[in-house]
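*Asks:* Here's a structure for you.
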Amino acid sequence: MTALLALTTILAWGFWIPVAQIMPGVSQRSRTFYVTLGNAVFAASALAIGGGHLSFGWRGFWLPLVGGVVWTVGGYSAFRASESIGLARASGSWTPLNIIVAFVWGTLLFGELKSFSTTQFAVLGVALVFVLAGILFIVRSQDSQVGAASPVEAGSHANDPLPPAKVRVAGAANRYRSGFLFAGAAGVLWGSYFVPAQWAKLPAQVANFPLALGILAAGTVLVMATGGPARLSPRGTAVQLSAGLLFGIGNIALLGLVARVGTGVGFTIAQLSLLVNVSVGILVFKVPKPGSRAARVALAGIFLAGVGGILIGNLR
């Protein structure tokens, strides 16, 4: 059962962001809203089918609901990061942070490192070096794409006081900087959102429902602040809701997984979804361009961070 939960989480989480991003011309706030709506529908269905008693106490309901708000802010940050620096780089940046933050929570709240030996702490230190080195590679992967302007971009900046290449460098540098900041926010927030639901020690389908309500409430506030969600075609709506459904499947599988193997280990296993994210980001969205130096550097960074994540995940 543990292997099935792990595989379900990896595949569902690996595909939900690419599905949400595949429709062009949709604002990130609207994407976030439709994903939260699809997730809420799935959570309500899972609760109805799976049964269980829904408690309205602070630990069993309100704290998971707050965790849902945290997820939505993280989700919006992830979408902004993917838009700015590409899905491969963005997911390669927030994933190691997810792992570190989840392990910190596991240590502080659940005592998951209490019985660690000196050798295990040494392995943890080495793993963190791998993670940080991987992040550095991912950040450096922007360099080979920032220095040259395309003919279209060069023509559009013909009257600028700076040469086109310098204009592009300045604009791209700002975009990359904000993109990595958003990815960092997603890393911290997504490494934290599920902890209240786990702490409640309820069946996954029960704890997931208030979590989904918090996610939906925050998604609604986020999109209403700009006048409401975009009106999509039936096909576009179905695609965005499907992304929310995929996230919901992965989320409820994660809650079951961390209940079995612990916060740090379970969340580390879930982050293997990065392999799916990166593959789709490079092969489908072409960011970075497949075969380019940027893509190779990004993949090298993701490999290093992945090795660190695997080392951390096996520290039990």
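The values are calculated or read from the model by the stated rules, or taken from the named source; none is laboratory data. This structure is a prediction, so every number in the text was calculated from the model and none was measured. As a convention, Cβ positions derive from the backbone with ideal geometry for all residues, glycine included, and neighbour counts pool all protein chains shown. The protein model used for the area step is the full one, side chains on, heavy atoms only, and it has no ligands, DNA or RNA in it. Shrake-Rupley method; radii C 1.70, N 1.55, O 1.52, S 1.80 Å.
*Asks:* Scan segment 280-289 residue by residue and report those that are surrounded by fewer than 15 Cβ atoms within 10 Å (Cβ to Cβ) and within 17 Å of PHE137 (Cα to Cα).
*Replies:* Residue satisfying the conditions is LYS289 alone.
*Asks:* Which residue out of VAL195, VAL129 is among the aliphatic types (A, V, I, L, M), at pLDDT 85 or above, at negative phi and open to solvent by 70 Å² or more (accessible area, probe 1.4 Å)?
*Replies:* Result of the check over VAL195, VAL129: VAL129.
*Asks:* Whether any residue in segment 256-274 is open to solvent by 20 Å² or more (accessible area, probe 1.4 Å) and closer than 16 Å to LEU87 by Cα is what I want to check.
*Replies:* There is at least one residue in segment 256-274 that is open to solvent by 20 Å² or more (accessible area, probe 1.4 Å) and closer than 16 Å to LEU87 by Cα.
*Asks:* Another question, then. Counting only residues that are modelled with pLDDT of 90 or more, in contact with a helix residue (DSSP H, G or I) (Cβ under 7 Å, 6 or more places away or on another chain) and of a type in the set (A, V, I, L, M), give me the helices (runs of 4 or more DSSP H) lying completely in segment 203-290 with at least 3 of them.
*Replies:* Because the criterion is at least 3 residues that are modelled with pLDDT of 90 or more, in contact with a helix residue (DSSP H, G or I) (Cβ under 7 Å, 6 or more places away or on another chain) and of a type in the set (A, V, I, L, M), the helices (runs of 4 or more DSSP H) in segment 203-290 that meet it are 204-224, 234-261.
*Asks:* Take VAL152 and decide whether it is out of contact with any Phe, Trp or Tyr (no Cβ under 9 Å at 6 or more places or on another chain), modelled with pLDDT of 90 or more and either open to solvent by 70 Å² or more (accessible area, probe 1.4 Å) or of a type in the set (S, T, N, Q) (or both).
*Replies:* Judged against the criteria, VAL152 is not a match.
*Asks:* Quick one: how many residues across segment 77-124 are under 28 Å from VAL26 (Cβ atoms) and free of Cβ contacts under 8 Å to residues at least 24 places away in the same chain?
*Replies:* Of the residues in that region, 0 qualify.
*Asks:* Sticking with this one: Can you give me the number of residues within segment 64-120 that are open to solvent by 30 Å² or more (accessible area, probe 1.4 Å) and touching a Leu at 6+ places or on another chain (Cβ under 8 Å)?
*Replies:* So the answer is 7.
*Asks:* Which condition from (1) of a type outside the set (A, V, I, L, M, F, W, C); (2) touching a Pro at 6+ places or on another chain (Cβ under 9 Å); (3) open to solvent by 10 Å² or more (accessible area, probe 1.4 Å) is the one that ASN277 breaks?
*Replies:* (3) is the only condition that ASN277 fails.
*Asks:* Of the numbered conditions (1) surrounded by fewer than 21 Cβ atoms within 10 Å (Cβ to Cβ); (2) within 19 Å of GLN240 (Cβ to Cβ); (3) touching a residue at least 60 places away in the same chain (Cβ under 8 Å), GLY25 fails exactly one; give the number of that condition.
*Replies:* (3)
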